[in-house]
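S.K.: After the structure tokens below, expect a handful of questions from me.
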Amino acid sequence: MKTYLKTLLRMFEKHLTRFLSIILIVLVSVGFISGIGSSTDKILYSMNDYYRDRNVSDLIVKNTKTEGFSSGFSDEQISAAKDFYGEDNVLTGAAIDIEINVNDETQLVRLYFIDDFEPENLKVNKPDIIKKESFTDEESESLNIAYAEESDNIIKGLAMRTEVELDFEDILTRLAESNGVELDSMMKNFLKTLKPVNVTVGGTLRSPLTFARDGEPSWTNPQDTKIPDTINAVNDLITLDNILYMPSDFIPSVFGVRVMQTTDMFVSFKDKSKFKSFGINYENYLEEQKAVFTETTEAETEDLRFITLYDNYSFVSLNSYAEKVAGIGYVLMVAFLFVTGLVALSNMTRLLEEERAQIACLKTLGYSSAKIIFKYFLFAMIATGIGGVGSYFVGIGLAYLICYVFNYSFAMPPISSQIALVFYLIVFAVIVVTILGSTLIAGMKMTREAPANLLRPKPPKAGKKVIFERIPFIWNILSFKYKSTVRNVLRYKARFIMTVVSVAVSTALVTAGLALLDLCIFGGINSPSVMAIAAVVIVFAGLLTGVVIYTLTNINVSERNRELATLKVLGYHEREVSGYIYREVYIDTTVGIIFGYPLSALIILLVFGVMGMGTVGGVTWFWWLVSPFVVFLFTFIVTLMLTPKIKRIDMNESLKAIE
């Protein structure tokens, strides 16, 4: 075992670069994929925590029954709902979307008249109090103080102490029209007796029902209009200019009876821990509860209109964004895993090839094949494990970054502390199986050979004419060094194909990221979240490209030490020796980029498909030229990094006979 352990430690020292390349490829691939996937889980966890903590109403029930004018919910119906769902799970009031004059401008404003309204004491739809004005005791008694929704990209917001006049004659007339009620002359004369009510903005808040920064669609949209789940599709709907919250006491009363009754109930289901918003069977549960509510309150079905979370733009759009991020992750996961597996297979296969003599010695000393394979198994396992641990933290950091960027589109709920491991465990498990499986297969193949055969150097691949040699008018104009390069590129077909495929997939990933960026810049998708994801894809695809080219080029240099040393002995300058390798690298990269274009179109098609927007043909031509530039940039950086290694090749050591 002492000898065994010594060879194991020496192997780590000798193959440090290869050890680090496995760590890096795992770090980049697993870190990126788990980060994208974990961000989806984090967003959904955060949304569900917010949904529970703020006791968000699952149902908004509007009573549209009209007798004479508007009856609303009776006291008995309200009591029945509170008894069934709990006092703290039912909020009552009235709400209407109406055009009114605000700051000498006609705006579409949602007016919430809430029973027993005190923002700090609300039990359902608990808001965030953003700002609160200080009023004197005299002002507090004389003013009708309301709260305005915080401004966002669409909602304009109102400054403190802004006065808004509510013309209840106009409000009730429009409410009657929207309910299909024809007012007789007596009712019209009655409405004319109602005096306008002036309300003063005394604070701003953010309701948990309206945390999207792209505005909130109005209820004045047709009743059967569903909130679309495509990004920015809210622009196709009528959006509100402002939202005002105020006590129901502001509604005028005649003979002690309010002219607008309680027409809205905000109902939160009792035990939210049993299910998640938008979780499995949640929609079915909502449908059941509509029937339960109708039965509990003994209301007529035709008198009720239900508004659920599926009709709420903030929840629907955030859920949709999260699903789109997950979809992007699934598409790119396949490409990243494919490249990672390819590079890992190449790495471990070449390592075992370089260790032929060591394997022969161990077999001669009596070590079993299982023990010998375990040595390389351990090498791969430790490298993969270190990369896997590091990738977990990279993924978590990336997930938090994406959640943070979502703040540009949403007033994001606090990021959930729940650990999102599903994506990470799946991806890491696939990587582990791929790397260890390739090590096992290569090891079994190597240990089946006799020690005498392993001690002999592997015979070089036989040279033969390449296709270009059969085309004289091309071949004859090439100088010796370019003829040599072409022969080497086509001689080692497996290495050539592996490099081309890896570069093609990397190019496709970079192009997909650029296409997402194009969707935001030129496609009219005003989404910082998508732009951030595009940037992340580009950066990690670029890093993957760099690691791939570095690993494959490093393997190329390592296995051709004697060849490069021979060139030095023959008098080649260091630049010429480096060029001997780098010409092949750039040829492989160029061919990979060419094959990467059709693959790019396929991946972009898949990404746009899961997002529900964008077309391959719509991607600006400019980006198709940028992606090769990104790939060549990383290739150039890699060649700079490997130049010192080529310079350090020892002519004497490399040319010594293996015996």
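S.K.: Just the accessible area for Thr643, please: 1.4 Å probe, Å², rounded to the nearest 10?
M.R.: 30
S.K.: Within 10 Å, Cβ to Cβ, of Pro127, how many net charges do the neighbouring residues add up to if Lys/Arg are +1 and Asp/Glu are -1?
M.R.: Details: positive: Arg54, Lys126, Arg206; negative: Glu120, Asp128, Glu149, Glu150.
Local net charge: -1.
S.K.: Between Glu574 and Glu353, what length comes free when the chain is fully extended (0.36 nm per residue of separation minus the Cα-Cα distance, one decimal in nm)?
M.R.: Values: separation 221, 0.36 × 221 = 79.56 nm, distance 2.70 nm.
Here the segment from Glu574 to Glu353 would lengthen by 76.9 nm.
S.K.: Would you please report the Å³ per residue occupied by the convex hull of the alpha carbon atoms in the stretch 252-379? Present the calculation step by step, with values, prior to reporting the outcome.
M.R.: Values: hull volume 26.2 nm³, N = 128.
That works out to 205 Å³ per residue.
S.K.: Separate question: Tell me the net charge near Ile646. Cut-off is 11 Å between Cβ atoms, Ile646 excluded, with +1 for each Lys or Arg and -1 for each Asp or Glu. If you can, show how the numbers build up before the last one.
M.R.: Numbers: positive: Arg560, Lys568, Arg575, Lys645, Lys647, Arg648; negative: Glu574, Glu576.
Counting the neighbours of Ile646, the net charge comes to +4.
S.K.: Moving to a separate point now. Viscosity 1.567 mPa s, temperature 4 °C: Stokes-Einstein D of the stretch 526-638 from its Kirkwood Cα radius, in µm² per second? Intermediate results must be reported in sequence, preceding the final value.
M.R.: Numbers: Rh = 16.5 Å.
Stokes-Einstein gives a translational diffusion coefficient of 79 µm²/s.
S.K.: Mind listing P(r) for the stretch 1-98? All alpha-carbon pairs, 5 Å bins, whole percents.
M.R.: Answer for the stretch 1-98: a P(r) of 2, 9, 10, 10, 8, 8, 6, 6, 6, 5, 5, 4, 4, 4, 4, 4, 3, 2, 1, 0 percent.
S.K.: May I pose another question? Can you pull the percent of Cα pairs in the stretch 467-610 with separation above 23 Å? Provide the component values of the computation, followed by the final result.
M.R.: Numbers: 5028 of 10296 pairs.
It works out to 49 percent of all Cα pairs.
S.K.: Quick check for you: with a 1.4 Å probe and neighbouring chains kept, what is the accessible area per residue of the chain, in Å²?
M.R.: Numbers: 30350 Å² over 659 residues.
For the chain, the per-residue accessible area is 46 Å².
S.K.: While we're here: What's the carbon and sulfur percent of the chain's accessible surface, probe 1.4 angstrom, rounded to a whole number?
M.R.: Working: 17830 of 30350 Å².
Within the chain, the accessible surface is 59 percent carbon and sulfur.
S.K.: Ranked by accessible surface with a 1.4 Å probe, highest first, in what order do Cys361, Cys403 come? Let's see the in-between values first.
M.R.: Working: Cys361 70, Cys403 0 Å².
Reading off the accessible areas and sorting them downward yields Cys361, Cys403.
S.K.: When the Cα centres of the stretch 85-107 and the stretch 298-344 are compared, how far apart do they sit, in Å?
M.R.: Result: 29 Å between the Cα centres.
S.K.: Then there is this: Filter the cross-link list Lys65/Lys126; Lys82/Lys270; Lys62/Lys132; Lys6/Lys371 down to pairs whose alpha-carbon distance in this structure exceeds 19 Å.
M.R.: Distance filter (> 19 Å) returns Lys65/Lys126; Lys62/Lys132.
S.K.: Taking only the Cα atoms of the stretch 60-157, how large is their convex hull per residue, in Å³?
M.R.: Values: hull volume 16.6 nm³, N = 98.
About 169 Å³ per residue, rounded to a whole number.
S.K.: Which net charge results for the neighbourhood of Asn347, defined as the other residues with beta-carbon distances under 13 angstrom from its beta-carbon, given Lys and Arg at +1 and Asp and Glu at -1?
M.R.: Summing Lys and Arg as +1 and Asp and Glu as -1 gives -1.
S.K.: Using per-residue counts of other Cβ atoms within 10 Å, averaged over each peptide, order 314-322, 438-446, 562-570 from highest down.
M.R.: 314-322, 438-446, 562-570
S.K.: Accessible area, 1.4 Å probe, largest first: how do Phe377, Phe608 sort? Display every interim value, and only then the final one.
M.R.: Details: Phe377 45, Phe608 10 Å².
Correct descending sequence by accessible area is Phe377, Phe608.
S.K.: Something else now. Run the Debye formula on the Cα coordinates of the stretch 398-449, all scatterers equal and no solvent, and tell me log10 I(q)/I(0) at q = 0.17, 0.32 1/Å.
M.R.: -0.69, -1.11
S.K.: To the nearest 10 square angstrom, how much accessible area does Met531 have with a 1.4 angstrom probe?
M.R.: Met531 has an accessible surface of roughly 80 Å² with all protein chains in place.
S.K.: I'd like the Kirkwood hydrodynamic radius of the stretch 313-442, using the inverse of the mean 1/r over distinct C-alpha pairs, in Å.
M.R.: Working: mean 1/r = 0.0567 Å⁻¹.
Final number for the Kirkwood radius of the stretch 313-442 is 17.6 Å.
S.K.: If you don't mind, another one. Can you pull the percent of Cα pairs in the stretch 99-203 with separation above 20 Å? The partial results should precede the final answer.
M.R.: Values: 2741 of 5460 pairs.
Everything past 20 Å amounts to 50 percent.
S.K.: Leaving out same-chain residues fewer than 8 places away, which lysines sit with a Cα under 29 Å from that of Lys465?
M.R.: Correct list for Lys465: Lys481, Lys483, Lys493, Lys568.
S.K.: For Rg and Dmax of the Cα atoms in Å, which listed value, [x] 27.3, 111; [y] 37.7, 140; [z] 34.5, 115, comes from the coordinates shown?
M.R.: It is the value labelled [z].
S.K.: What order do Met187, Met651 take when sorted by accessible area (1.4 Å probe), most exposed first? Show your work: numbers first, answer last.
M.R.: Values: Met187 45, Met651 75 Å².
Solvent-accessible surface, decreasing: Met651, Met187.
The values are calculated or read from the model by the stated rules, or taken from the named source; none is laboratory data. Values in this document were obtained by computation on a predicted structure and should not be read as measured data. Ideal geometry is used to build each Cβ from the backbone, glycine not excepted, and the neighbour counts take in all protein chains shown. Heavy atoms of the whole protein, side chains included, go into the accessibility calculation; ligands, DNA and RNA do not. Shrake-Rupley method; radii C 1.70, N 1.55, O 1.52, S 1.80 Å.
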